[in-house]
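Below: one structure, written as structure tokens.
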Amino acid sequence: MMEPLLAILVGLFFAAAIYLMLSKFTIRIMLGIAILGNSVNLLLFTSGRLTREVPPIIPANLESLPAGAANPLPQALILTAIVISFSFLAFLLVLTYRAYQDLGTDDTSEMHAAEPDDRPLPPLGY
Amino acid sequence: MAAPTTVDLSAALITAPVPIGHWLAILPVAHCITLGAVLLMLRAYPRLQAWLAISGLAVLALIDAALLGKVVAEGPLTMVMGRWLPPFGIAFTVDLFGALMAFTSALVALAAGIYALADIGESGRRYGFFPLLMLLMAGVSGAFLTGDVFNLYVWFEVLLISSFGLIILGSERQQIDGALKYAVLNLIATTLFLIGVGILYAVFGTLNMADIASKARDLRATAPLMTLASLFLLAFAMKAAAFPVNFWLPAAYHTPRIVVSALFAGLLTKVGIYALIRVLVMLLPIERAELSPLIALAAAATILVGALGALAENDIRRLFGYVVIAGIGNMLAGVALGGTGGGISGAVFYALHSMVLMTALYLTAGEIARRGGGFLLSALGGLYRQSGGFTALSLVLFLAACGLPPFSGFWPKVILVKASLDLDAWWLAAVILGGGFLTTIAFGRLFLLVYWRPAPAAGVPSPAVWRTGLPLAALTALVVGFGILPEQLLALSQSAAAGLADPRAYLHSVFPGGAR
């Protein structure tokens, strides 16, 4: 059966994605997000049963799919999710590059433009 | 070759014509997307674009008002895409909770749109502020009105991508930095939500919320519903900026144009809370009860982090960001307390109040900067001498944010404190009240420094402008109105919470012939 294999693969993908996203360098975080998006797509794909034996066509005398057929809906969901995650990744890559240009670093622990370290406390009186 | 046989699909379709009123369920989204596309084409005409957008937002508010009126009169209504019978067709199901949130969000967006006339200049309009605003509203309205979990995910993404466009409007260094953190963390949160949706479909075989709510009872013994509920809790808590996943909010919300901050503070975190309430209270109520100690702890920590953060900030916008977080903590406390003691109705009331109030607060910050020339507590002063009227408006909003009577922040806190005392969760009541106390100190100091302190430098007083004064006054009027006459809204949020705790009317609207 394919499902357990794919489930393990999804787990590996998640592990790799989380490892990469825990890095402090933005480009690794982006790679992690790319892998995360794909692992979710695989998860959706697996959730709808993986088989080619029974075609997902409702026979004329029945009202629903024959037992054991792959559910086609997750595949439709993946199409949506792929488009969305791809467009988000494109946006994020441009944003990361722009951040690298403007902030001069790809190290998130040095990105302090919005929250400078030396910002003062509010005045205690006047 | 066999002759193609025609298939009789009538059994799978809704054959009766759709009643004209049901189109209202889809109209807010269709209106926003269409107008957003039209506005994009009118990029070269900034003036026309702005006025078209504002009249469009006014129309959106009217549509949502009509929808709310219909839902109040007749109960939940359902419209199915492509006439496919639910659960196969994607359903838009509007109940009282969704309609209330959608109407309030439209009012807030209208106020922010008018304020944008003064705040967003020619270049901001050319880079698409108004089209992005309409698309953001499409996402927000869609999330409030849909009755399908995957569809909810799609609307989350619509509002997320529009918010990315809005947050970097201006492309300053600060904004790029804030936007990067905002974008990455919110994208991870929506991806977590999508994982939840995938597992949900694997367990239930359906994505229709009404269908899920009716099937959850039978599946509870065998399916990993606790895992699902925890995943959804994490994803939506991240969206709503609850502790410990709240740090993206103060890192990002002070960077964009002030009107964008106002929109985000009013709408986006509340969409997270809305989804949390919808999924945990309506779809998985038993799991919510199991998780409630955890949610209560997170709520208490969120309130304290928000209140203490507000005390420690010198930048007004960041201070308000922490006030948003403290408000989220109060709503989470309502979710933790549950429906029996009125916790959910408190959370619903608080969400409605917070949408109006947080937008108004950020608009006030913009007005402070316009009059005082900055956002820093250490540099501002003398605003009371400059304008008594503006000072009065601000004071009303500040008191409402602290939860003091007679303004709209008082009532949801009363409900929440009473609900937690009824359930013997005295420590949660103490945290809610203590958080309010700390917030009062933060706002008291803000008022003292910015309004009462003599101006450090003799600035040029800027005259009142209707574009900024009108939306601020209108939102403040709402805050005062619902503080003095809360009965109507109280009754509405109570019946919204009742509809969530016992979704029979919701189910009936999706499956008129009874659940399958």
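Every read-out reported here was derived from the displayed coordinates using simple, explicitly stated rules and does not represent laboratory data. No experiment lies behind these values; they were computed from the predicted model shown. Quick reminder, even Gly has a Cβ in these numbers, built from the backbone with ideal geometry, and neighbours come from all protein chains shown.
Structure above, values below:
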| item | result |
| --- | --- |
| Whole-number Å³ per residue for the convex hull built on Cα positions in region B:326-476 | 92 |
| Net charge of Cβ neighbours under 14 Å - reference residue B:180; Lys, Arg +1; Asp, Glu -1 | -2 |
| Per-residue average of Cβ from other chains inside 10 Å of A:75-85 | 4 |
| Long pairs among B:239/B:418; A:24/B:270; B:70/B:181; B:181/B:215; B:215/B:239; B:181/B:418, criterion Cα-Cα beyond 32 Å | B:70/B:181; B:181/B:215; B:181/B:418 |
| Prolate/oblate/rounded call for region B:215-290, Cα gyration tensor, a/c under 1.5 rounded | prolate |
| Proximal charge balance of residue B:411 [Cβ under 13 Å; K/R count +1, D/E count -1] | +1 |
| In order through region B:498-503: 3J(HN,Hα) via Karplus (6.51 cos²θ - 1.76 cosθ + 1.60), integer Hz, x for Gly, Pro | 5, x, 7, 6, 10, x |
| Residue mean of other protein chain beta carbons inside 10 Å, A:89-99 | 3 |
| Around residue B:49: net Lys/Arg minus Asp/Glu count, Cβ-Cβ under 14 Å | +3 |
| Residue order, fewest to most surrounding Cβ atoms within 10 angstrom, among B:270, B:181 | B:181, B:270 |
| Distant-in-sequence amide H partners of residue B:77 (H built 1.01 Å from N, under 5 Å) | B:94 |
| Peptide B:177-189 - average C-beta neighbours from other chains (10 Å radius) | 5 |
| Cα gyration tensor shape of region B:405-516, rounded if a/c is under 1.5, else prolate or oblate by comparing a/b with b/c | oblate |
| Amide H contacts of residue B:147 (H built 1.01 Å from N, under 5 Å, at least 5 apart or other chain) | B:91, B:92, B:93 |
| Hull shadow area, averaged, the protein assembly as shown [alpha-carbon convex hull, nm²] | 30.0 |
| Linear extension gain, residue B:222 paired with residue B:501, 0.36 nm per residue minus alpha-carbon span | 98.1 nm |
| Linear extension gain, residue B:455 paired with residue B:370, 0.36 nm per residue minus alpha-carbon span | 29.2 nm |
| Folded to 0 to 90 degrees: helix B:466-484 orientation relative to chain B principal axis, Cα | 70 |
| In nm, spacing of pseudo-spin labels at residue B:11 and residue B:81 (7 Å Cα→C-beta vector) | 2.6 |
| Label-point gap, in nm, between residue A:22 and residue A:9 - each point 7 angstrom along Cα→Cβ | 2.5 |
| Computed helical MRE - 222 nm, chain B, DSSP H runs ≥ 4 contributing -39500 (n - 2.57), nearest 500 | -24000 deg cm²/dmol |
| Two-site FRET efficiency, residue A:100 against residue B:297, from Cβ-Cβ distance with R₀ of 41 Å, rounded to 0.05 | 0.60 |
| Karplus (6.51, -1.76, 1.60) ³J(HN,Hα), θ = phi - 60°, over region A:94-109, in Hz, Gly and Pro reported as x | 5, 4, 5, 4, 5, 5, 5, 5, 6, 9, x, 7, 10, 9, 5, 6 |
| For peptides A:34-46, B:92-104, sequence by mean Cβ density within 10 Å, most packed first | B:92-104, A:34-46 |
| Theoretical ellipticity at 222 nm over chain A - DSSP helices of four or more residues, -39500 (n - 2.57) apiece, nearest 500 | -20500 deg cm²/dmol |
| Footprinting exposure proxy for B:236, B:349 (fewest neighbouring C-beta atoms within 10 Å first) | B:236, B:349 |
| For region B:193-204, Karplus couplings with θ = phi - 60° (6.51, -1.76, 1.60), whole Hz, Gly/Pro x | 4, 5, 4, x, 4, x, 5, 4, 5, 4, 7, 9 |
| Chain B: proportion of alpha-carbon pairs further apart than 39 angstrom, % | 21 |
| Sorted peptide list for B:388-395, A:7-14, criterion being average Cβ within 10 angstrom, highest first | B:388-395, A:7-14 |
| Longest exposed-site-free window of chain A, the sites being trypsin sites (Lys or Arg not before Pro) in a DSSP loop that have at most 12 other C-beta atoms within 10 Å | A:53-126 |
